[in-house]
1. Taking the Cα atoms of the chain, what is the range of coordinates along each of the three principal axes, in descending order and whole Å?
2. Does the range 3-94 classify as rounded, prolate or oblate by the C-alpha gyration tensor (a ≥ b ≥ c root eigenvalues; a/c under 1.5 gives rounded; else a/b over b/c gives prolate, otherwise oblate)?
3. Roughly what angle does helix 151-163 make with the longest principal axis of the chain, taking Cα atoms, 0 to 90 degrees, to the nearest 10?
4. Step through the table entries K86/K147; K217/K237; K33/K147; K91/K130; K147/K236, compare each Cα-Cα distance with 24 Å, and write down the pairs that go over it.
5. For the pair K263 and D48, how long in nm is the line joining their label points, each one 7 Å along Cα→Cβ?
6. Rounded, prolate or oblate for the range 169-218? Axes are the square roots of the Cα gyration tensor eigenvalues, ordered a ≥ b ≥ c, and the cut-off for rounded is a/c under 1.5.
7. Under 14 Å Cα to Cα from K187, which aspartates and glutamates show up? Leave out anything in the same chain fewer than 8 places away.
8. Among A78, N135, C21, whose Cα sits farthest toward the positive end of the charge dipole of the chain (+1 at Cβ of Lys/Arg, -1 at Cβ of Asp/Glu, about the Cα centre)?
Amino acid sequence: MSLEFDRLIAVMERLRGDSGCPWDKEQTHASLKPFLIEEAYEVLDAIDSENHRSLCEELGDLLFQVIFHAQVAKERGAFDVEAVLKETTGKMTRRHPHVFTPVEDRAEKTHTAPLSADAAISRWEQIKLKEKRENGERKSVLEGVPKALPALLLAHQVQAKAGRVGFDWKTAEAAFPKIEEELQEVKEALSSGNQKAIEAELGDLLFSIVNVARLLKVNPEEALRKMVNRFMERFKKMEITSGDAGIASLSIEEMDRLWEEAKKEERA
């Protein structure tokens, strides 16, 4: 390992040591969960900002969370950071046979076309499922999707997993009629007044929209998050324009006018 990586491990060990930080010493895998999620989202914000210095800093914070968990595990005799690195290196090597297996030993020889990205990810899923089944850990390709993911991202990942084994629409255009079908079913549920049916049909509609987004290679979680950010910026501009009286004092027509002005300013 590099000198800087060794220094980071030493810092972590000192923080958790007898003369370390009281807060760091109290942490467990469970108590660290919110910070892991928070740091991951801060990395996403840094990527969106296109600020390389910020991205470097946030990736460091995320890496520190990994080191933190490895240290906690080491103290209870489960595993250490070396085991984490070994496990990841082995996994990446096994699941990329088209890269790490000698050409003469590969299923596809040099005379065949290069492996496409879609074929590579499909192979990844097949190898992963085979490994899990051999270890008695998994019976379905969908079992590896974390249920704690945000709902839009969870839907995207589940659909992607199913798609990699052939259960998918061929194109985004082919999936569009499903949105229209689900929207009609929402309207029918709404007219029935059945709240459970309304919730179920809205879920189906959102799921079908996520399907189209995925087929268009758009991350629905990212798309919605960026739309929320745009909404917030437009709304703030409306608040500024409305003055001391505030938005609540405006008519719907006046609100619509300010909204359209904010949109035009954003596009300009």
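Any read-out appearing in this document is the output of simple, stated calculations on the displayed coordinates, not a laboratory observation. Remember, it's a predicted structure, so these values are computed and weren't measured experimentally. Note that we place each Cβ from the backbone using ideal geometry, even for glycine, and neighbour counts take in every protein chain shown.
1. 64, 56, 42
2. Note, shape of the range 3-94 comes out oblate.
3. Helix 151-163 and the main axis of the chain meet at about 60 degrees.
4. Long pairs (Cα-Cα over 24 Å): K86/K147; K217/K237; K147/K236.
5. 2.0 nm
6. Verdict is prolate for the range 169-218.
7. The qualifying aspartates and glutamates are E199, E201, D204.
8. Ranked along the dipole, the leading option is N135.
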